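*Asks:* Could you have a look at this structure, given as structure tokens, before my questions?
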Amino acid sequence: MAANVDLMATGDATASQLIRFLGRESGSLKYRIAISSTVSGLSRGLLLATFNAAAIVAARGEFDFWLVGAFVAALIVHLITKYDSAYQGERMMRRMVQNLRLELCEKLLFSQLRFVERKGAAAVYAHISTDISQLGRSAVTLVRNIEAFIVLIFALIYLGWLSPPGLLAAVITLTLSAIVYRVQDGKAEQLLRLSRVKEDEFFKGVYDLVQGFKELKLNRAQHVSLADHLSTVSSEYRRLSVAGTARHQTSLVTSQAFLFGLVAILVFILPPLFPSASASVFQFLATVLFIIGPVEQLISSADPVTRARIALGAINDLEKDLNTGLANPEGREQAVLPFRFDTIEFRDVHYAFENADEEETFGLGPINLHLKRGEVLFVRGGNGAGKTTLLKLLAGLYYPSAGSVLVDGHVIGAGDRQRYREMFTAVFSDFYLFQKLYGMEDPDPVYVDALLDELQIRHKTRLEGDRFSTVSLSSGQRKRLAYAVSRLSDRQIYVFDEFAADQDPAFRRYFYVAILPELKRQGKTVVAVTHDDRWFTAGDRLIKLDYGRIAEETLTPESV
């Protein structure tokens, strides 16, 4: 399982670490694959021995029925076990990819919001899609390598049986080939690592393109600049990737040159030096030609294996960061009961944003705040005052750097965080609207229709089973639909971040004079960031944030 990765240092994984990782991920299937691949390699080697023995018999003008039987038996065993190893290897790869993706997704779901914000969606997508897929491809490659390695060992043993000098020549040739490969592989690894960085950069650019599409359509200079950036980064990725692969191809071509050099040694040089070996020239030639395929398989696997090592290093770095965020477990129960509260208190709460160098760039606090059940609290303040940060702290999405959050006098610890968060529902300014109603079993369609009617969007979308027919609405309508989903969740505390800002004047008035009073009548608590001073009287209290602190707190006129 991905959780068992033992690579805690950043950077690329080694080949042995990659093999151990794949071995763990493959589970019990690795034993069946190893057996099938070994038998497939041995039976393929027996085919070589049968060919050579048949050639000798045929040279004498004879026919051996038993050799034909041995050939047919070896061929059948080889085809069956080769199919089995390939099929089981594909099963192993698909299961591994699925497990890795689900495990990383689970860890992401239990990670901190700040980690996801800092890491960025594009990088997370790249890890879950590109890197894990690359690991899956390497698993299939290593399965093929098992058979190739067995065939190579069998052929070398057979060559040594034919002629010890021939074996010595083969070992020297393959050793020189391996040295050249290792030199080239080191250079290729550097190029492929740089190409992986450029690939990440390209995905970030694509994410900018999709998320900022409207802005790009309005600004041709920005459009051209992003297009140029994507082209430049893509070209760099292509150049580095091709250069890295070319290094591996150089290793493959060099290995082929060594192998054909070995053929030349066995055919032209060995017989004059060792006359007794002359009769074995045909067997030498057949054996060396037979091992060209396995050697090419082993050498050509260098590229996907190197990419897989880089991918595993990247996944490990992601998982290391995730594990750091999960150091204080919150519990992973599927059903969590929320706290029932009368008061929530912030006692000297601080929160610090840090950059990549762990230097504080913005601080909120100290915040001392009491929130009572059934009250409507408005929050105002200038840009950068910390309003949204305060909402995320209040909803438990950010954890205080210092200070305490108390529910009815009980200090919220790591094990209480999800119970605390379950009290809240929120519509943030950067909210995401799910088309499917996850976690809501059998919503009452009559109630949903009534909500959509109340929010004046039933003519735009409707509930179909457990999902809305569309979420492609205007910004204000999307916020209303998000609020409808919040109502369906029926939480104790409703958080709004500039909810009314995108609404038309009529619905903005309805929000303050109808929706908020109705929530208050139901005993719900509301915390809303707003700058609509005309409607401040709809709240019970108003606080003003300035430079990360509560600069002012007043009762609204109607609550005095």
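*Asks:* May I ask you to say which residue of 402, 414, 395 is modelled with pLDDT of 90 or more, open to solvent by 20 Å² or more (accessible area, probe 1.4 Å) and of a type in the set (A, V, I, L, M)?
*Replies:* Details: 414 fails: modelled with pLDDT of 90 or more; 395 fails: open to solvent by 20 Å² or more (accessible area, probe 1.4 Å).
Step by step, each of 402, 414, 395 is checked, and only 402 is modelled with pLDDT of 90 or more, open to solvent by 20 Å² or more (accessible area, probe 1.4 Å) and of a type in the set (A, V, I, L, M).
*Asks:* Between residues in segment 114-132 that are over 11 Å from residue 203 (Cα atoms) and part of a helix (DSSP H, G or I) and residues that are basic (Lys, Arg) and at pLDDT 75 or above, which pairs lie under 6 Å by C-beta distance while being six or more apart or on different chains?
*Replies:* 128/101; 132/101
*Asks:* Right, another one. Please go through segment 177-189 and pick out each residue that is touching a residue at least 24 places away in the same chain (Cβ under 8 Å) and open to solvent by 80 Å² or more (accessible area, probe 1.4 Å).
*Replies:* Initially, segment 177-189 is screened for residues touching a residue at least 24 places away in the same chain (Cβ under 8 Å), giving 177, 180-181, 184-185, 187-189.
Scanning segment 177-189 gives a single hit, 187.
*Asks:* Could you grab me the full set of residues in segment 209-225 that are more than 25 Å from the chain's Cα centre (by Cα) and either of a type in the set (A, V, I, L, M, F, W, C) or not in a helix (DSSP H, G or I) (or both)?
*Replies:* Taking segment 209-225 and keeping what is more than 25 Å from the chain's Cα centre (by Cα), we get 214-225.
Matches in segment 209-225: 216, 218, 219, 221, 224.
*Asks:* Output yes when any residue across segment 393-400 is touching a His at 6+ places or on another chain (Cβ under 7 Å) and of a type outside the set (D, E, K, R), and no when none is.
*Replies:* Taking segment 393-400 first, the residues touching a His at 6+ places or on another chain (Cβ under 7 Å) are 400.
From what is left, the residues that are of a type outside the set (D, E, K, R) are 400.
Looking through segment 393-400, at least one residue is touching a His at 6+ places or on another chain (Cβ under 7 Å) and of a type outside the set (D, E, K, R).
*Asks:* Here's something else I'd like to know. If I filter segment 310-318 for residues that are within 30 Å of residue 265 (Cα to Cα), at pLDDT 75 or above and surrounded by fewer than 21 Cβ atoms within 10 Å (Cβ to Cβ), do I get at least one hit?
*Replies:* Step one: list which residues in segment 310-318 are within 30 Å of residue 265 (Cα to Cα), which gives none.
No, segment 310-318 has no match at all.
*Asks:* Give the residues of segment 533-545 that are open to solvent by less than 30 Å² (accessible area, probe 1.4 Å) and within 42 Å of the chain's Cα centre (by Cα), sorted by residue number.
*Replies:* Residues satisfying the conditions are 543, 545.
*Asks:* Separate question: From 307, 247, 238, which residue is in a helix (DSSP H, G or I), open to solvent by 70 Å² or more (accessible area, probe 1.4 Å) and at pLDDT below 80?
*Replies:* On the way: 307 fails: open to solvent by 70 Å² or more (accessible area, probe 1.4 Å); 238 fails: at pLDDT below 80.
From the options 307, 247, 238, the qualifying one is 247.
*Asks:* Contact list please: Cβ distance under 8 Å, first residue in segment 449-466 and touching a residue at least 24 places away in the same chain (Cβ under 8 Å), second residue open to solvent by 50 Å² or more (accessible area, probe 1.4 Å) and basic (Lys, Arg), pairs at least six apart or on different chains.
*Replies:* Here the result reads 452/458; 452/462; 466/436, each pair linking segment 449-466 to a residue that is open to solvent by 50 Å² or more (accessible area, probe 1.4 Å) and basic (Lys, Arg).
*Asks:* Output the strands (runs of 3 or more DSSP E) that fall wholly within segment 484-560 and possess 2 or more residues being among the acidic types (Asp, Glu), or say none.
*Replies:* Working: elements: 493-497, 525-529, 541-546, 549-555.
Where strands (runs of 3 or more DSSP E) fall fully within segment 484-560 and carry at least 2 residues being among the acidic types (Asp, Glu), they are 549-555.
Table: residues versus (1) among the acidic types (Asp, Glu); (2) surrounded by 12 or more Cβ atoms within 10 Å (Cβ to Cβ).
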| position | (1), (2) |
| --- | --- |
| 429 | no, yes |
| 439 | no, no |
| 445 | no, yes |
| 449 | yes, yes |
| 454 | yes, yes |
| 459 | no, no |
| 463 | no, yes |
| 471 | no, yes |
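*Asks:* Something else now. Quick one: is residue 197 under 18 Å from residue 312 (Cα atoms), open to solvent by 20 Å² or more (accessible area, probe 1.4 Å) and among the β-branched types (Val, Ile, Thr)? Explain how you work it out, then say what you get.
*Replies:* Details: under 18 Å from residue 312 (Cα atoms): yes; open to solvent by 20 Å² or more (accessible area, probe 1.4 Å): yes; among the β-branched types (Val, Ile, Thr): yes.
Yes; evaluated as a whole, the condition is true for this residue.
*Asks:* Give me the pairs: first residue in segment 425-443 and in a loop (DSSP other than H, G, I, E, B), second residue among the aromatic types (Phe, Trp, Tyr), beta-carbon distance under 6 Å, and six or more apart or on different chains, which are they?
*Replies:* Listed by first residue and then by second, the contacts come to 435/468.
*Asks:* Suppose we keep only residues that are polar (S, T, N, Q) and open to solvent by 30 Å² or more (accessible area, probe 1.4 Å) within segment 546-560. Which one would you say is nearest to residue 401 (Cα to Cα)? Outline the logic, then answer.
*Replies:* Going residue by residue through segment 546-560, those that are polar (S, T, N, Q) are 554, 556, 559.
Still in the list and also open to solvent by 30 Å² or more (accessible area, probe 1.4 Å): 554, 559.
Numbers: 554: 27, 559: 34 Å.
Per the criteria, the residue is 554.
*Asks:* Collect the residues in segment 372-384 that are over 39 Å from the mean Cα position of the chain (by Cα) and of a type in the set (A, V, I, L, M), keeping them in residue-number order.
*Replies:* Result: 376, 377.
*Asks:* State which residue is farthest from residue 345 (Cα to Cα) when the search covers only segment 359-392 and only residues that are part of a loop (DSSP other than H, G, I, E, B) and open to solvent by 20 Å² or more (accessible area, probe 1.4 Å).
*Replies:* Taking segment 359-392 and keeping what is part of a loop (DSSP other than H, G, I, E, B), we get 359, 373-375, 382-386.
Narrowing further to those that are open to solvent by 20 Å² or more (accessible area, probe 1.4 Å): 359, 373, 382-384.
On the way: 359: 28, 373: 12, 382: 24, 383: 25, 384: 23 Å.
Going through the qualifying residues, I end up with 359.
*Asks:* Would you say residue 154 is touching a Gly at 6+ places or on another chain (Cβ under 9 Å), within 19 Å of residue 297 (Cα to Cα) and open to solvent by 80 Å² or more (accessible area, probe 1.4 Å)? If you could, list the steps in order and put the result at the bottom.
*Replies:* Details: touching a Gly at 6+ places or on another chain (Cβ under 9 Å): yes; within 19 Å of residue 297 (Cα to Cα): yes; open to solvent by 80 Å² or more (accessible area, probe 1.4 Å): no.
Against the criterion (touching a Gly at 6+ places or on another chain (Cβ under 9 Å), within 19 Å of residue 297 (Cα to Cα) and open to solvent by 80 Å² or more (accessible area, probe 1.4 Å)), residue 154 does not qualify.
*Asks:* Take the residues in segment 493-520 that are charged (D, E, K, R) and in contact (Cβ under 8 Å) with a residue 60 or more places away in the chain, then tell me which one is most open to solvent (accessible area, probe 1.4 Å). Can you show your working first?
*Replies:* So in segment 493-520, the residues charged (D, E, K, R) come out as 497-498, 502, 504, 508-509, 518, 520.
From what's left, in contact (Cβ under 8 Å) with a residue 60 or more places away in the chain: 497-498, 520.
Values: 497: 5, 498: 47, 520: 84 Å².
Looking at the filtered set, the residue picked out is 520.
*Asks:* For segment 118-139, indicate whether the set of residues that are farther than 30 Å from residue 195 by Cα and of a type outside the set (Lys, Arg) is non-empty.
*Replies:* No, that holds for no residue.
*Asks:* Between a first residue in segment 210-235 that is within 30 Å of residue 192 (Cβ to Cβ) and a second residue that is of a type in the set (A, V, I, L, M, F, W, C) and part of a helix (DSSP H, G or I), which pairs have beta carbons less than 7 Å apart while being 6 or more apart in sequence or on different chains?
*Replies:* These pairs meet every condition: 226/209; 226/216; 230/202; 233/202; 234/202.
*Asks:* Being more than 19 Å from residue 551 (Cα to Cα) and among the basic types (Lys, Arg): is that true of residue 421 here?
*Replies:* Values: more than 19 Å from residue 551 (Cα to Cα): yes; among the basic types (Lys, Arg): yes.
Against the criterion (more than 19 Å from residue 551 (Cα to Cα) and among the basic types (Lys, Arg)), residue 421 qualifies.
The values are calculated or read from the model by the stated rules, or taken from the named source; none is laboratory data. Because the structure is a prediction, the values reported are computed rather than measured. Note that each Cβ is placed from the backbone with ideal geometry, even for glycine, and that neighbours are counted across all protein chains shown. Side chains included, ligands, DNA and RNA excluded: accessible areas come from the protein's heavy atoms. Shrake-Rupley method; radii C 1.70, N 1.55, O 1.52, S 1.80 Å.
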